[in-house]
Amino acid sequence: MLEIKNLHVKLEDDDTVILKGVNLNLEPGKVHAIMGPNGSGKSTLSYVLSGRDGYEVTEGEAWLDGVNILDLEPEERAAAGLFLAFQYPVEIPGVSNMTFLRTAVNAQRKARGEEEMNSTEFLKLIRERAKTLDIDADMLKRPINVGFSGGEKKRNEILQMAMLEPRMCILDETDSGLDVDAMKLVAKGVNALRDPNRAFLVITHYQRLLDHIEPDVVHIMSDGRIIKTGGPELAIEVEKNGYADIKAEVA
Amino acid sequence: MALTQAKLDATEARLAAMDAPAQGAGWLAQARGGAVARLREMGLPGRRDEYWKFTRPDSLIAPEAPRAAVFEIDEAPMFDEFDRLKLVFVDGVFDPDSSDDPSLAGVEIERLSDVADTDIHWARDLYGVLEARGQSPVARPLAALNTGYAKDGFLIRVTGRAERPISLIYRHETDSSDAILHHVVRLEEGAELTLLENGPAAARFNKVLEVDIADGARFNHIRAQGRDHERRAATHIFARLGAESVFKSFTMSVNGVMTRNECVIELTGDDAVAHVAGAAMGDGDFHHDDTVFVTHDAERCESRQVFKKVLRNGAVGVFQGKILVKDGAQKTDGYQISQSLLLDDDSQFLAKPELEIYADDVACSHGSTTGAIDADTLYYLRSRGVPEAEATDLLVLSFLAQAVEEIEDEALREAITARLDAWLARRRG
Ligand SMILES: Nc1ncnc2c1ncn2[C@@H]1O[C@H](COP(=O)(O)OP(=O)(O)OP(=O)(O)O)[C@@H](O)[C@H]1O
Ligand SMILES: [Mg+2]
């Protein structure tokens, strides 16, 4: 589904190199997890894939179903099926969650040449999906993320994902700041979306999220590279021993 | 201070181009005469006046109104969906045929031109009186000109709770129209009224609205100043608030090459509340000036000014706002914010926020900012599939929301938001 080949990224404004040749092949139906020390480049990878300004790709490609998405605008990548659940969701006063989501859903449909969703259909769908995530009508009416608790913001990201139905879902530390119950809700939301035609890339620091969203493949990122790839047991090893052993092993 | 020759000449040239107002009964003729005398003393605004530092008054004081093409658009008129009493003016002249019968329970509505021969009238204590009070400490000559020469307008006295809003509709049909309207609203104790205003009115429009709010009364005002690109307007609101009364005014402005909206508020009774807000969007040849002067002259009053402007393609926004807290106006709560969102480097926002405080136990704050679209927020919206132009417009609405939220009534708030949204969508094409 998403094939990342030899991705090198530096900051646009100076010579700081952050990603130093990342290779990943994310297959449909699979959940890949990325773990790695702070500052190793995990969020940068997700930003570069979704098209944030400020980074320069110096080498490499990222193919989403035959299209090199690195050439596309952020909205085009979204319409192509890519979604990033942000580590730090943005607050936007004065625009309701509902308005925003309807605009987004219909913008994507329009971009794909599909018919727009009418308001009745949309309302029905959003109510249903919000309910699974324990998001009430009031939260839908409120301005985007304004005054939301950390957990509410993350749940809201998953709601957006559920409404937009992307094929490639990237979750950046969606578990951080969540209490146990909220994490279960989020995991339930994610698991409900698991599908043979959809791939997930889950960035996390903790094994506990992976207890609920079971990964097929676990990667370790360090200093801008994937230094080790394995099965779910790799996450358990990290949880127990940290990154020192793995780093030493590949050094 | 003696007027400069240039000022004298400009003033006399303007007056020479005016039709003399109908004389009318003693009180009205007197009020008009007094206003003309005031005007001659202060002279029309000139480019060197401190109060006109950011806005060139030339086109507003010229003997002839610059032409303004009538803007044709296929859009339902503003406030169409609301149950209201409609009073329609065409190029500044009341048009009874397009209007509702001006009768409303709990409200007396009279046309200015009809009362001219009435010997004594409740409005004699107000017409031009609030305007005259508002001439100090800063002169507002265009308002005096208005009082002296307005032939039309409404005198509205509210004794109860008006069951429907009164809606003043200003149609513009002639390229060269130069309209002057003067309205007076008096709310008796405990009375309530919502006043709606919309429409470009004329090629050039000079309007004064005097509002006297007795103890415990509430006045709500929503205005949509729109559409015609070349229109010009100089408007004044003079409001006087009694104890525990409430004044709330919101103005949406889009388009218009020249707009100067002055709002002069005097809080004279304890525990009164005055909120004035504006949301303006300009594209290209657009100059929009909000000039507000709030005087606290009683205890525990609250005043709030919230002004937002979105500017692009060389549009200019101006804000001059002052809170004056007089000696003895203890526990005053005064707030003022003026902000602009500049969508490019060609546009400009000029602000002069001022506080002048003579009481010692008050809480006043003011702030003014100029900013651009936040890159991270824009990226967030785009990452959800919203194209850049649409995402920018959502952020424009987000920016204006704080001002729009000053409108209490949800339906009116939504109607205004829908208009702002439609304006933005038209520009996206
Ligand atoms: N826009 C930027 N400007 C300056 N430095 C940046 C920028 N983006 C990333 N970096 C730097 O690049 C490195 C990688 O950052 P990144 O946020 O990708 O790490 P991460 O693996 O997500 O870390 P964490 O686990 O703490 O979230 C860090 O040293 C960070 O400071
Ligand atoms: Mg990170």
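Of all residues in the stretch A:162-176 being closer than 14 Å to A:I203 by Cβ and not charged (D, E, K, R), which is farthest from ligand 2 (Cβ to nearest atom)?
A:M168
Under 7 Å between Cβ atoms, at least 6 apart or on separate chains: pull out the pairs that start in the stretch A:165-177 with a residue that is within 21 Å of A:F148 (Cβ to Cβ) and end on any residue that is away from ligand 2 (no atom under 16 Å from the Cβ) and in a loop (DSSP other than H, G, I, E, B).
Sorted first by the residue in the stretch A:165-177, then by its partner, the pairs are A:C169/A:R198.
Starting from residues that are outside any strand (DSSP E or B) and either in contact with a Cys (Cβ under 9 Å, 6 or more places away or on another chain) or within 17 Å of B:K207 (Cβ to Cβ) (or both), keep the ones in the stretch B:70-94 and report whichever is modelled with the lowest pLDDT.
Of everything passing the filter in the stretch B:70-94, B:M78 is modelled with the lowest pLDDT.
Got a number for residues in the stretch B:70-119 being polar (S, T, N, Q), surrounded by 15 or more Cβ atoms within 10 Å (Cβ to Cβ) and out of contact with any strand residue (DSSP E or B) (no Cβ under 6 Å at 6 or more places or on another chain)?
Of the residues in that region, 1 qualify.
Of (1) over 14 Å from the mean Cα position of the chain (by Cα); (2) of a type in the set (V, I, T); (3) crowded, with 24+ Cβ neighbours inside 10 Å; (4) under 21 Å from B:W27 (Cα atoms), B:I213 satisfies all except one. Which?
Single failed check for B:I213: (4).
Can you find a residue that is closer than 25 Å to B:V386 by Cβ, under 16 Å from the mean Cα position of the chain (by Cα) and of a type outside the set (S, T, Y) anywhere in the stretch A:216-231?
The answer is no, given that none of the residues of the stretch A:216-231 is closer than 25 Å to B:V386 by Cβ, under 16 Å from the mean Cα position of the chain (by Cα) and of a type outside the set (S, T, Y).
Of everything in the stretch A:24-37 that's more than 13 Å from ligand 2 (Cβ to nearest atom) and over 13 Å from A:C169 (Cα atoms), which residue is nearest to the other protein chains (Cβ to nearest Cβ)?
Only one residue fits best here, namely A:L24.
Which residues, counting only those in the stretch A:1-15, are assigned to a strand (DSSP E or B) and either more than 15 Å from ligand 2 (Cβ to nearest atom) or out of contact with any strand residue (DSSP E or B) (no Cβ under 6 Å at 6 or more places or on another chain) (or both)?
A:L2, A:E3, A:I4, A:K5, A:N6, A:L7, A:H8, A:K10, A:L11
Would you confirm, using the coordinates I've provided, whether B:G256 is buried (at least 22 other Cβ atoms within 10 Å of the Cβ), touching a Phe, Trp or Tyr at 6+ places or on another chain (Cβ under 7 Å) and not in a strand (DSSP E or B)?
Yes: the conditions hold for B:G256.
Starting from residues that are within 16 Å of ligand 2 (Cβ to nearest atom) and surrounded by fewer than 18 Cβ atoms within 10 Å (Cβ to Cβ), keep the ones in the stretch A:38-54 and report whichever is farthest from A:E233 (Cα to Cα).
A:G54
In the stretch B:21-47, how many are without any contact (Cβ under 8 Å) to a residue 24 or more places away in the chain and either surrounded by fewer than 14 Cβ atoms within 10 Å (Cβ to Cβ) or within 22 Å of the chain's Cα centre (by Cα) (or both)?
2
Report yes if B:E408 is assigned to a loop (DSSP other than H, G, I, E, B), more than 12 Å from every other protein chain (Cβ to nearest Cβ) and either surrounded by fewer than 20 Cβ atoms within 10 Å (Cβ to Cβ) or at pLDDT 95 or above (or both), otherwise no.
Yes; evaluated as a whole, the condition is true for this residue.
Being within 16 Å of ligand 2 (Cβ to nearest atom) and either of a type in the set (D, E) or in contact (Cβ under 8 Å) with a residue 24 or more places away in the chain (or both) is the filter here, so list the residues in the stretch A:87-118 that pass it.
A:Q87, A:P89, A:V90
When the stretch A:42-101 is examined, which residues are found to be at positive phi and either in a helix (DSSP H, G or I) or away from chain B (no Cβ under 12 Å) (or both)?
Those that are at positive phi and either in a helix (DSSP H, G or I) or away from chain B (no Cβ under 12 Å) (or both): A:G60, A:D65, A:G66.
Give, as residue ranges, the strands (runs of 3 or more DSSP E) completely inside the stretch B:301-393 that count at least 3 residues that are more than 30 Å from A:A111 (Cβ to Cβ) and in contact with an Asp or Glu (Cβ under 7 Å, 6 or more places away or on another chain).
Passing ranges, in order: B:302-312, B:316-325.
When the residues of the stretch B:181-191 are filtered to those that are charged (D, E, K, R) and assigned to a loop (DSSP other than H, G, I, E, B), which remaining residue is farthest from B:A35 (Cα to Cα)?
B:E189
Look through B:A277, B:A329 and report the one residue that is within 17 Å of B:S245 (Cα to Cα) and either out of contact with any helix residue (DSSP H, G or I) (no Cβ under 9 Å at 6 or more places or on another chain) or not charged (D, E, K, R) (or both).
Every option except B:A329 fails the conditions.
For every residue, the table says whether it meets (1) free of Cβ contacts under 8 Å to residues at least 60 places away in the same chain; (2) among the hydrophobic types (A, V, I, L, M, F, W, C); (3) assigned to a loop (DSSP other than H, G, I, E, B); (4) in contact with a Gly (Cβ under 8 Å, 6 or more places away or on another chain).
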| position | (1), (2), (3), (4) |
| --- | --- |
| B:L155 | yes, yes, no, no |
| B:R164 | no, no, yes, no |
| B:Y170 | no, no, no, yes |
| B:T174 | no, no, yes, no |
| B:A179 | no, yes, no, yes |
| B:L193 | no, yes, no, no |
| B:A202 | no, yes, yes, yes |
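Across the stretch A:126-163, what is the number of residues that are within 14 Å of another protein chain (Cβ to nearest Cβ), out of contact with any strand residue (DSSP E or B) (no Cβ under 6 Å at 6 or more places or on another chain) and closer than 18 Å to B:S383 by Cα?
Residues in the stretch A:126-163 being within 14 Å of another protein chain (Cβ to nearest Cβ), out of contact with any strand residue (DSSP E or B) (no Cβ under 6 Å at 6 or more places or on another chain) and closer than 18 Å to B:S383 by Cα: 8 in total.
Could you figure out which of (1) at the interface with chain B (Cβ under 9 Å from one of its Cβ atoms); (2) part of a loop (DSSP other than H, G, I, E, B); (3) not acidic (D, E) isn't true of A:G113?
Condition not satisfied by A:G113: (1).
Report whether or not A:A85 is within 16 Å of ligand 1 (Cβ to nearest atom) and touching a helix residue (DSSP H, G or I) at 6+ places or on another chain (Cβ under 9 Å).
Yes; evaluated as a whole, the condition is true for this residue.
Is there a residue being outside any strand (DSSP E or B), at pLDDT 95 or above, more than 14 Å from every other protein chain (Cβ to nearest Cβ) and within 16 Å of ligand 2 (Cβ to nearest atom) anywhere in the stretch A:16-23?
Yes, there is a match, as at least one residue in the stretch A:16-23 is outside any strand (DSSP E or B), at pLDDT 95 or above, more than 14 Å from every other protein chain (Cβ to nearest Cβ) and within 16 Å of ligand 2 (Cβ to nearest atom).
The values are calculated or read from the model by the stated rules, or taken from the named source; none is laboratory data. Keep in mind it's a predicted model, so treat the numbers as computed, not measured. Cβ sites come from the backbone with ideal geometry, for glycine too, and all protein chains shown count toward neighbours.
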